[in-house]
Amino acid sequence: MILRCIECGREYSSEEVRYRCECGGLLEVLVDLGEVENIFDGKNITLWKYKSFIPVEKRVSLNEGGTPIYRLENLQTELGMKEVYVKNEGANPTGSFKDRGMTVGVSKALELGMDKVICASTGNTSASLAAYAAKSNIKAYVLVPSGKIALGKLAQAIVYGAKVVPVRGNFDDALKVVVEASSELGVYMLNSINPFRLEGQKTIAFEIFDQLGFVPDKVILPVGNAGNISAIWKGFKELYEAGFIDKLPQMIGIQAEGASPLARAWKERREFKPLEKPETVATAIRIGNPANWPKAWRAVEESRGVLESVSDEEILKAQKMLASKEGIFVEPASASSLAGLMKLRNEIEEDESVVLITTGHGLKDPNIILEGFELPEPIEPSLEAFKEVL
Ligand SMILES: *Cc1c(COP(=O)(O)O)cnc(C)c1O
Ligand SMILES: [Zn+2]
């Protein structure tokens, strides 16, 4: 298996531990598309169904993937659209799409003989890494921004037995420490600049095609560290290059306004510059210096897509709409895909098919719902009293 630099094209063996090219560029895994199987029959969908596309032999699995895809019958009508779907990644084993990356990434760690893994995380990466490390009997270290991680995610990392280290600073600060620690201390880094993570996450594209039986016109998803949009695009491109599909979707990446360095650069048609102090209720995408930005930028450019930002208010409104009109409860970051669709509605034809990726489960961050909400006074246990409140 070969890793190739997306900037200078230099190639490396995947048998060595390496996260970046000598030139500093991001690496990607080259998959031999001569060997892949055409198994897109809509049946028995799980991540490992697509093993011929996945560049590891070992397998640590908690049964990830095979997440449901829903047609938004109520919301699509309200939006004046004909075909809007949600691919709900909250249905993965630890409640986010990060499990797709970790089943492959931790498998790779074991192949490389590593017995310690590390990541910086806004929450879901640490929850997921901790679970797969537990399953593999190896040690996980997770560095999280102090005080800025959703309650449920923190509980997960703790109960799965990871060593949780809060960092004074934000995600970008924590990632800097992790990058240094991984090279100095010989621990395997599983942030999304690790290209094997993206090899798992690209299966979202395979599942969308497998479940729908066609390629949608547009795929909309939140962008934080920018790995997932790159991964899903890679998945669609592999299907195309293997000759299994004859069209590609447009990739639409949504950032939160207070953490939107990519969307801003895109809209202002200027060079990408990191943002110092990212701030948003959508903690999973509270990132000012997306490590995978060059891959994400290419994904959007090549697919003739767009990068957009939405406000916290729009995100929370979309979160409520998805839950109260479709029965799908997602965390705030995930709702930015619906918020993005609403914001871009006028630029999308009514009969275009759209898939929104909802990246994580709503129960991870219950506080955001309960803030500012007060339960009414309890009633006496009688029908009379109940009738009174109706
Ligand atoms: C990690 C995460 C994102 C951002 O994904 P990137 O690959 O970092 O762009 C979005 N939503 C949720 C719920 C996440 O956990
Ligand atoms: Zn290079």
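Every number in this text was worked out from the coordinates using simple rules, so none of it is lab data. These numbers come from a predicted model, not from an experiment. Cβ atoms come from the backbone with ideal geometry, glycine included; neighbour counts cover every protein chain shown.
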Exercise for the section: In whole angstrom, note down how far apart the Cα centers of the range 100-148 and the range 188-205 are. Expected result: 12
Exercise for the section: Anything over 27 Å Cα to Cα? Flag those among Lys277/Lys317; Lys176/Lys317; Lys234/Lys317, in the order listed. Expected result: Lys176/Lys317; Lys234/Lys317
Exercise for the section: Report, by chain and number, residues whose modeled amide H sits under 5 Å from the one on Ile328, excluding near sequence neighbours (fewer than 5 apart, same chain). Expected result: Ala323
Fill in the blank from the handout: Longest the chain segment clear of chymotrypsin sites (Phe, Trp or Tyr not before Pro) sitting in DSSP loops (not H, G, I, E or B) with at most 14 other Cβ atoms within 10 Å runs 1-213
Practice task
Before rounding to the nearest 500, sum -39500 (n - 2.57) across all DSSP H runs of length at least 4 in the chain and divide by the residue total; then give [θ] at 222 nm in deg cm²/dmol.
Solution key: -11000 deg cm²/dmol
Exercise for the section: Can you list which of the trypsin sites (Lys or Arg not before Pro) found in the range 114-187 are DSSP loop residues with at most 14 other C-beta atoms within 10 Å? Expected result: Arg168
Practice task
Divide the volume of the convex hull of the Cα atoms of the chain by its number of residues and quote the answer in cubic angstrom per residue.
Solution key: 154
Fill in the blank from the handout: Most packed first (mean Cβ within 10 Å per residue), the peptides 319-325, 180-186 order as 319-325, 180-186
Handout entry: Which listed pairs, of Lys58/Lys98; Lys82/Lys202; Lys135/Lys343; Lys58/Lys237; Lys98/Lys139; Lys325/Lys364, have C-alpha distances above 30 Å, in listed order
Key = Lys135/Lys343
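So for Asp365, Asp312, Asp32, fewest C-beta neighbours within 10 Å to most, what's the order?
Least crowded to most crowded, the residues run Asp32, Asp312, Asp365.
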Practice task
Project the alpha carbons of the range 97-193 onto their principal axes and report the range along each, largest first, in whole Å.
Solution key: 34, 27, 20
Handout entry: Along each principal axis, Cα extent of the range 196-262, largest first, Å
Key = 39, 27, 18
Fill in the blank from the handout: Output for the range 1-82: GluC sites (Glu not before Pro) sitting in coil per DSSP, at most 15 other Cβ within 10 Å, listed by number, reads Glu7, Glu15, Glu16, Glu22, Glu35, Glu37, Glu57
Problem - Residue-by-residue Karplus 3J(HN,Hα) for the range 199-207, coefficients 6.51, -1.76, 1.60, Hz, glycine and proline x - result: 5, x, 5, 5, 5, 4, 5, 4, 5
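Tell me the trypsin sites (Lys or Arg not before Pro) within the range 51-109 that lie in a loop according to DSSP and have at most 16 other beta-carbon atoms within 10 Å. It would help to have the intermediate numbers written out before the result.
Values: sites: Lys51, Lys58, Arg59, Arg71, Lys82, Lys87, Lys98, Arg100, Lys108; in loops: Lys58, Arg59, Lys82.
Those satisfying the criteria are Lys58, Arg59, Lys82.
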